1. Say whether the condition of being within 25 Å of A:Tyr152 (Cβ to Cβ) and surrounded by 18 or more Cβ atoms within 10 Å (Cβ to Cβ) is met by at least one residue in segment A:70-87.
2. Mind listing whichever residues of segment B:188-224 are at pLDDT below 95, over 22 Å from B:Glu52 (Cα atoms) and either touching a Lys or Arg at 6+ places or on another chain (Cβ under 9 Å) or within 14 Å of chain A (Cβ to nearest Cβ) (or both)?
3. Being crowded, with 16+ Cβ neighbours inside 10 Å and within 14 Å of chain A (Cβ to nearest Cβ) is true for just one of B:Ile108, B:Ile90. Which residue is that?
4. Could you please let me know if B:Thr161 is part of a strand (DSSP E or B), closer than 29 Å to B:Phe86 by Cα and β-branched (Val, Ile, Thr)?
5. Which residue pairs have Cβ atoms under 7 Å apart, sit 6 or more places apart or on different chains, and have a first residue in segment B:248-271 that is within 13 Å of B:Val233 (Cβ to Cβ) and a second that is among the charged types (D, E, K, R)?
6. Which strands (runs of 3 or more DSSP E) does segment A:146-188 wholly contain that include 2 or more residues that are within 17 Å of A:Thr122 (Cα to Cα) and within 9 Å of chain B (Cβ to nearest Cβ)?
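The values are calculated or read from the model by the stated rules, or taken from the named source; none is laboratory data. In this text the structure is predicted, and so the values were computed from the model without any measurement. Neighbour counts run over all protein chains shown; Cβ positions are idealised from the backbone, glycine included.
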Amino acid sequence: MNTKFPLLLLSFLFVFAACEKDKPTPVVDQRAYSVSTSGNIITVRNLPGDTIVGTTAQGQPIGAGRYSFFSLETGQWISNADSNSTRWDLAFAGTILRVNNATSGPGGGGAFVYNGTFESLTSVPTDSTFRVDNHPISYAITRGSGKAWYTYDGPTNLLTPIPGRTLVIRTANGQRAKVEILNYYRGGTTPSASSADSIKTRDQRFFHFRYSKM
Amino acid sequence: MGQGFKAPDFRQLYLNFTNNAAGGYSVYGTQDAIRIIRELNRIGQIAELKPEFDRLTELSPEFSTGMNLGAEYRPSQTVHIRINGFRNDIRSLIDVRQVATRIDGSQIFSYLNVKRAFTQGVETEFRWQLKTTWQLSGGYQWLRTGDKDEWARIKKGLEYTRSSDGTSRVMNKNEYVGLPNRSKHQAQFKLTYQPSETRFIFLRCLYRSRWTVANSNGNGVHDVQDEFANGFVQINLSGGLPLRKNLQLQAGIENLLNYQDIIYLPNFPGRNLYLTLNFKL
């Protein structure tokens, strides 16, 4: 007999919860590209960076070589038609990140990697050296597992951004920003090691990052 | 207090061995490991070289300083309890590590030195003679291990991990797991019924808690967010029965629960039943 009481209470709670939800809340697609702002931190989700379109003769997944250009100054994904302009600050294609300068664009961009959390970097030291790209030999943000912002594990075929690495970016117009790469997979969660290769291939190269101007 | 010295042994230096029966994993002695793995890599047999591969070098001998503090307690004739705390400080600890993976997924191990390591913990043991024929015994070990250089970095706040929202933060001290392949908790329990030398039943349970096997979250140390092998329980049961004066039957089951982990315990067999007849002339 006594068991009915919690059940009744539970059903009340359900009604209550349902009332709360009546307020219109924006539907967020966790797998879609989005930009959101909280205070002075801007978070970008699911920005594709040369996503996989097929496989090579050796069976390696490859993209079409299509960069996604992003403006840290305006918070916008810039059209590829504007690649040869100073409208963008950071470009993404798989594990290659490029800044708008030298071999990558006409701007005055640059970058270096800071070892430490996003929050702990409050100002850019005046004696900092910003590096530039020398495509395709070297990049301001060094490519390679364990070098700048990610590690890659061969057997599980998974890429993990390194915690505590903050990218310091000089924008095309010479402003400063700090960027933390959060995740490399669509939806913002790294697939488990045992996931099918088809999932790991399909969902990779979707950038999640947060940044703020300095 | 004790001091120890351990030179690298033959196995660690020279023995190269591949276990084809159990998943094809290999262990290479350090004298040949670099050369063999480079050669395998050149002919395209290596899927991945672990960061540990770059740490392979001439093995140095291991020096350790240990401290032990123990107590024994016998509340009665039939009960025996022992407790022991220990701490070992080890210079150039010789430790087995996975250094590479073959393209078929099988692992390659070798040995390297951890510059400065420690192990510390508590062991307890009890034995209880229930009757003359019944005995119950058990033990438990709590173990903490670590690389002192890693530990120093963690204490200074120089190692990082991620919060649930994906953002980086400084790693907490209690998130450090220490050296790989070591379980924090290990326990065993044994029940014996033995009315005579040839008539017996043994029940033995072993427990080992999870242990870290790979650093998968991108930072430089083993912590709670990394890849772990699952903890497990193994139960062994055996019995003996005299049939005639000179003839004895023995039977048993090893790994009664049939626990298996092909990836992290490649040489750990599944359930194993056996039956033996002993004849004494």
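1. yes
2. none
3. B:Ile108
4. Taking the combined requirement at face value, the residue does not satisfy it.
5. Note: pairs meeting the criteria are B:Asn255/B:Arg271; B:Leu256/B:Arg271; B:Asn258/B:Arg271; B:Phe268/B:Asp261.
6. A:165-170
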